[in-house]
Amino acid sequence: MANSKLSYEQFTGDPFEDWKPADHTKGAEEVLRWAYDTYGDSMVYACSFGAEGIVLIDLISKVKQDADIVFLDTGVHFPETYDLIDKVKARYPQLNIHMKQPELTLDEQAEKHGSALWKKQPDMCCYIRKIKPLEDALSGAEAWISGLRREQSVSRSKTNFVNKDERFQSIKVCPLIYWTWDDVWDYIRVNDLDYNVLHDQGYPSIGCMPCTFAVGEGEDDRSGRWKGTSKTECGLHTAANQ
Ligand code: SF4
């Protein structure tokens, strides 16, 4: 396996491309070890504290106990999400969990762009409250970790372990690409991890409160995000020109 520095400029392909992981983490733990060996403190995990996030935090804690973890604190998350973050901070006191806020407060955003921007211009709202803060958090970092899984959507089905990320001009490491939703929950139960209680109330994918709704039986896991609109992604995982 490649272990030399693989920068954004040097990237020519996933060094794990031909590797078929057979361990119980479907390659996640080994990819994380490689990534922290390669990028060290120049890597950030942008965690949304969803089910995949909880799994990744537990795996990361075995590999790098003082890893940097960023939560994009838009200011409109569910109270249950903040409760979970408090529990995670207590369980993993050595991890550096940063709450990254946007430059504009909600009041300043309303003053500048009108109230409830998420209803009128959700892409601009996501840019102000998520994308720009992540750009800032990644400035100076060579790589970031994401919990994307291939089965989540067609647009994520080609995600590799190690990716060239055009949006943030960075390397994006995705250790969970082969995990299924059942794998995620098996890991949470076996390891008795805390998770967002909204998952038990019909919310498989949890983002900001104004843009996240419960899904019905048989509906797609991400169908509750920006429900009733054509928007399906906040823009963190799409190319800058899309
Ligand atoms: Fe705004 Fe909704 Fe995007 Fe959150 S998910 S940043 S509230 S548009």
Q: Using the number of other C-beta atoms within 10 angstrom as an exposure proxy, rank LYS62, LYS20 with the fewest first.
A: LYS20, LYS62
Q | Residue exposure sequence - LYS130, LYS231 - by fewest surrounding Cβ within 10 Å | A | LYS231, LYS130
Q | Residue order, fewest to most beta carbons within 10 Å, for ARG225, ARG91 | A | ARG91, ARG225
Q | Most to least packed among 117-124, 81-88 [average Cβ atoms within 10 Å] | A | 81-88, 117-124
Q) Sequence-distant or interchain residues sharing an amide H contact under 5 Å with SER170, placed H: which? A) ASP165
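Which value, in Å to one decimal place, does the Kirkwood hydrodynamic radius take for the chain when every pair of different Cα atoms is included?
On the way: mean 1/r = 0.0541 Å⁻¹.
The answer is 18.5 Å.
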Q) Each label point is 7 Å from the Cα along the Cα-to-Cβ direction; what then is the distance between the points at THR180 and ALA116, in nm? A) 4.0
Q. Can you give the Kirkwood hydrodynamic radius for the stretch 1-84, in Å, rounded to one decimal and based on Cα pairs?
A. 14.6
Q: Please get the size of the charge dipole for the stretch 28-211, origin at its Cα centre, with Cβ charges of +1 on Lys and Arg and -1 on Asp and Glu, quoted in debye to the nearest 20.
A: 460
Q: Tell me what the chain gives for mean residue ellipticity at 222 nm when only DSSP H runs of n ≥ 4 count, each as -39,500 (n - 2.57), the sum divided by the residue total, rounded to 500 deg cm²/dmol.
A: -8500 deg cm²/dmol
Q. Mind ordering 23-30, 70-77 by average Cβ neighbours within 10 Å, highest first?
A. 70-77, 23-30
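Each reported figure results from applying straightforward, stated rules to the coordinates on display, with no laboratory input. Only a predicted model underlies this, so the values are computations on that prediction, with no experimental measurement involved. Counting neighbours? That spans all protein chains shown, and the Cβs are built from the backbone with ideal geometry, glycine included.
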